[in-house]
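My structure is below; once you've seen it, I'll send some questions.
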Amino acid sequence: MGIPNVYFNSWSESFRRPFGAVRIGSAIYFSIRAIGSNITKVDLMIQKDGEQTQVQHMARSAENDSMYYSKFKTEGNAGLYFYHFRVSYLEDQHEITVFFGKDVDNYGGEGRVVTDPTQIEQYQITCFDHRDPAPDWYVHGVIYHIFIDRFFNGDRYQRVLHPKKNTFIYATTEDLPYYIRDKNGDIARWDFYGGNLIGIIDKLNDLKKLGVTILYLSPIFEASSNHKYDTADYLQIDSMFGDRKTFDKLIAKARRMGIRIILDGVFNHVGADSNYFNRFGHYGNSGAYQDLSSKYHDWFTFHGDHDHYECWWNIADLPTVNKEKKSYQDFIFGSENSVVDTWTAAGIGGWRLDVADELSDEFIAGIRKAVDRHDEKDNGKVLIGEVWEDASNKISYGKRRHYLNGGMLHGVMNYPFRTLIIDLINRKINARQAARMSFTIKSNYPPDALLANMNNIGTHDTERVFTLLSENERKIKLAIWLLMVLPGVPCIYYGDEAGVIGGKDPDNRRFYPWGRENQNILAMFREAIKVRRTDDNLQIGDFYPFSLGLIFGCLRIRSKDKYTLLLLNPSLESIVMNLDQLIDETRGELIHHCLKMMLQTEKKVDAQSFLIYQRNQD
């Protein structure tokens, strides 16, 4: 008779319920269809992360002998479960075993049968400890990411404030960024344009008109470089940017305009030229490099002599801090006058943690506790982490991370969605692949975290999105709308709305082209942001991706009468829509229902274009 016909879909509640991530202690109900009179048994093979596999026999249905059922209770601490199915059957009086797991693309949803157990790709269940929603002001907001030195100089005479020694200042703001390196390839002279905090204050009205409600600032603390990820003093604002008085003015004025500030927390490493390490002696005779008896000495790991030490990515300019030292933890988050407490108390809305993978779960949880100490009534703080992969199952330095299980990060920088957006528009992946990719993220992340992710199409660490899209305005419009419609909080990298181009660092850090903006792209951003900010479906609605032939579809829904549909056609041909081409990954009726309503008025999607349909009936 051959291998039985087996079917399971982790995204369909006909086969696994409840959907997606669950609270630890929840019961999960599994169903699998296995057709064949020669089937002898069907087993659920499930294991908690790092533990032994449990074998749970699945009972055959009395009403339908091709369906098998099982109930499984999650228990213990929050974490991950992984599972697949084992199906045994008789053939020529011999018992044969096959396995059912994820499909070859390693996404969830529909899977496949394999005969070789080494080829099994297991499904994932994320179990979180408790709901952990980000503040409403954040979830309903739009973020603008400012690389401060490259945004705007607010000095009346365009002077660069307190320029550093052995650096160079560009002749004009139209000059392209350039690194001067020494014979070892290290940066020998940092370059500055002169952007500062006064400049951000001066441009708050422009940002408000754009529709921005949150500013995420690159590091503001004293440092040698233009990017400031080499912190010299966590308690001092870099004098090239301004001072505490200017910062307080920025916080106050932004708050009056309904704009909150998120700071960049760089706590994994400091600068070699810093108060703590002091390699070059600019901070007297103190510091770990200069003085064995320094109170900072045990913050760092030296090998043999002071010239050999642990540093981030082997960059000597960025010595890594031993984050397990209690004195360092107290300094960053564990005391009343800690770094996190000092600046959170100043009135910021929260933090984005640089290289969160380098920080232990315990360290992140300590930061979160410090942040939460400053929660205001109905107006809390947010903590976001820099994670480039699926944060639900990330392994860093051999340890599974638990960023999103509750009490740590509210969300992460959603680079997987950035990859999806750019690859879909550039036709490197098709609509079905995009739907499966995004549905996998949805099913792996706790719902609150999915809504709190900081979505982006470009950052200071990536090539400019307009460059990646071949400076094609039709393509950039598609990217903008996907950024606004996909679940998570949209984050705009400064200058993307002006059509700034650029390759890899430092070219992606050009100065903002004030007075030379691409007005077409600026108008696209304004329109899309306005829709995002006036449509609750796009802010908090549930998310269902799907494909309709070459068209990628995105449903954001609060109820059957309150939803928004986006249909995006990245192809070079106009497409007349046909419901027969719908692939609904849930195999349900919801998407079909909403799409049918839309098709009563909309029939065609033009090439490299999209349609958006909003329904909000009370």
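Just so you know, all these numbers are worked out from the coordinates, no wet-lab data involved. Note that this is a predicted model, so its numbers are computed, not measured. Positions of Cβ are backbone-derived with ideal geometry, glycine not excepted, and every protein chain shown enters the neighbour counts.
Can you give the helix-only mean residue ellipticity at 222 nm for the chain, where every DSSP H stretch with n ≥ 4 adds -39500 (n - 2.57) and the sum goes over all residues, rounded to the nearest 500 deg cm²/dmol?
Details: 15 runs with 130 residues, N = 618.
Calculated at 222 nm, the ellipticity per residue is -6000 deg cm²/dmol.
Considering only C-alpha atoms, what is the centroid distance from segment 371-421 to segment 560-618, in Å?
Each part reduced to its Cα centre gives a spacing of 31 Å.
About the Cα centre of segment 357-482, what is the dipole size in debye to 20, counting +1 per Lys and Arg Cβ and -1 per Asp and Glu Cβ, all else neutral?
Numbers: 19 positive and 17 negative charges, 107 e Å.
Dipole size: approximately 520 debye.
So which trypsin sites (Lys or Arg not before Pro) in segment 242-317 pass both tests, a DSSP loop state and at most 13 other Cβ atoms within 10 Å of the Cβ? Mind dumping the intermediate values first?
Details: sites: 244, 245, 249, 253, 255, 256, 260, 279, 295; in loops: 279, 295.
Here the trypsin sites (Lys or Arg not before Pro) that fit, given the DSSP loop and packing criteria, are 295.
How charged is the neighbourhood of residue 396? Take every other residue with its Cβ under 9 Å from the Cβ of residue 396, and add Lys/Arg as +1 and Asp/Glu as -1.
Around residue 396, the surrounding residues sum to +2.
Taking the DSSP beta bridges in the chain as the whole, what percent of them are antiparallel, to the nearest 5? It would help to have the intermediate numbers written out before the result.
Details: 83 of 113 bridges.
Here the share of antiparallel DSSP bridges comes out near 75 percent.
Over all directions, what mean area does the Cα convex hull of segment 174-272 project, stated in square nanometres? Walk me through the numbers on the way to the answer.
Numbers: hull surface 30.2 nm².
Value for segment 174-272: 7.5 nm².
For Cα pairs less than 8 Å apart in space and 6+ apart in sequence, what is the mean separation divided by the residue count of segment 465-555, i.e. the relative contact order in percent? Each step should come with its number before you reach the end.
Numbers: 83 pairs, mean separation 26.4, N = 91.
That works out to 29 percent.
Here is a further query. Longer than 28 Å from Cα to Cα, which of 399/475; 71/102; 209/442 are they? Say none if no pair is. Walk me through the intermediate numbers first.
On the way: 399/475 39 Å; 71/102 20 Å; 209/442 32 Å.
Where the Cα-Cα span goes over 28 Å, the pairs concerned are 399/475; 209/442.
Using the Karplus curve 6.51 cos²θ - 1.76 cosθ + 1.60 with θ = phi - 60°, work out ³J(HN,Hα) for each residue of segment 97-108 in order, rounded to whole Hz, and write x for Gly and Pro.
So the Karplus estimates, Gly and Pro as x, are 10, 10, 10, 10, x, 5, 6, 5, 6, 6, 8, x Hz.
I'd like the distance separating the alpha-carbon centroids of segment 298-339 and segment 426-471, in whole Å.
Answer, in whole Å: 34.
Out of residues 5 or more away from residue 190 or on other chains, whose amide H comes under 5 Å of its own, with H placed 1.01 Å from N in the peptide plane?
For residue 190, the qualifying residues are 168.
Same structure again: Using Cβ contacts closer than 10 Å as the measure, can you line up 296, 144 from fewest to most? Can you show the working numbers first?
Numbers: 296 23, 144 26.
Fewest-to-most ranking of 296, 144: 296, 144.
Dipole size in debye (nearest 20) for the chain around its Cα centre, Lys and Arg Cβ +1, Asp and Glu Cβ -1?
Numbers: 74 positive and 81 negative charges, 327 e Å.
Taking the Cα centre of the chain as origin, the dipole is about 1580 debye.
Now for a different question. Give me a comma-separated list of calculated 3J(HN,Hα) values for segment 168-179, in order, Karplus coefficients 6.51, -1.76, 1.60 applied at θ = phi - 60°, integers in Hz, x for any Gly or Pro.
These are the phi-based 3J(HN,Hα) values: 10, 10, 5, 5, 9, 6, 8, 5, 7, x, 8, 9 Hz.
Further question: Using DSSP to define loop residues, name the GluC sites (Glu not before Pro) in segment 463-535 whose beta-carbon has at most 14 other beta-carbon atoms within 10 Å.
On the way: sites: 463, 471, 473, 497, 517, 527; in loops: 463, 471, 517.
Those that pass, being in a loop and sparsely packed, are 471.
In terms of the Cα gyration tensor, with a ≥ b ≥ c the square roots of its eigenvalues, is segment 483-570 rounded because a/c is under 1.5, prolate because a/b exceeds b/c, or oblate?
Prolate, because a/c is 1.5 or more and a/b exceeds b/c.
While we're on this one: Give, as a single signed number, the net charge of other residues whose beta carbon lies under 14 Å from the beta carbon of residue 572, with Lys and Arg counted +1 and Asp and Glu -1. Mind dumping the intermediate values first?
Numbers: positive: 427, 474, 475; negative: 573, 606.
Result for the neighbourhood of residue 572: +1.
Provide the net charge surrounding residue 421, with neighbours chosen by a C-beta distance below 13 Å and charges set as Lys +1, Arg +1, Asp -1, Glu -1. Spell out each step's value before the answer.
Working: positive: 418, 427, 428, 475, 477; negative: 423, 496.
Here the count lands on +3.
Kindly put 375, 305 in sequence by how many other C-beta atoms sit within 10 Å of each C-beta, fewest to most.
Working: 375 12, 305 7.
In increasing order of surrounding Cβ atoms, one gets 305, 375.
Please enumerate, by chain and number, the lysines with C-alpha under 17 Å from the C-alpha of residue 208, excluding those fewer than 8 residues away in the same chain.
Answer for residue 208, where 17 Å is the Cα cut-off: 249, 253, 530, listed by chain and number.
Further, regarding this structure: Using amide H atoms built 1.01 Å from N in the peptide plane, name the residues 5+ places from residue 260, or on other chains, whose amide H lies under 5 Å from its own.
Amide H neighbours of residue 260: 214, 215.
At a 10 Å Cβ-Cβ cut-off, how would you order 187, 198, fewest neighbours first?
The most exposed by this proxy come first: 187, 198.
How large is ³J(HN,Hα) for each residue in segment 272-279, as worked out from phi by the Karplus curve 6.51 cos²θ - 1.76 cosθ + 1.60 (θ = phi - 60°), to whole Hz, x for Gly and Pro?
For segment 272-279, the Karplus curve yields 4, 8, 9, 4, 8, 9, 6, 4 Hz.
Checking the a/c ratio against 1.5 first, then a/b against b/c, what shape does the Cα gyration tensor give for segment 5-128?
On the way: a/c = 1.77, a/b = 1.52, b/c = 1.17.
It comes out prolate by the Cα gyration axes.
To continue, here is another question. Which order do peptides 575-581, 529-535 fall in by mean Cβ count within 10 Å, highest first? Please list the in-between numbers first.
Numbers: 575-581: 12.9, 529-535: 17.6.
Highest-to-lowest ranking by the protection proxy: 529-535, 575-581.
Can you give the relative contact order of segment 251-300 as a percent, counting alpha carbon pairs under 8 Å and 6+ residues apart?
19
Next question. Could you work out the relative contact order of the chain? I mean the mean sequence separation of Cα pairs under 8 Å and 6+ apart, divided by the number of residues, in percent.
Numbers: 1383 pairs, mean separation 72.1, N = 618.
Relative contact order for the chain comes out at 12 percent.
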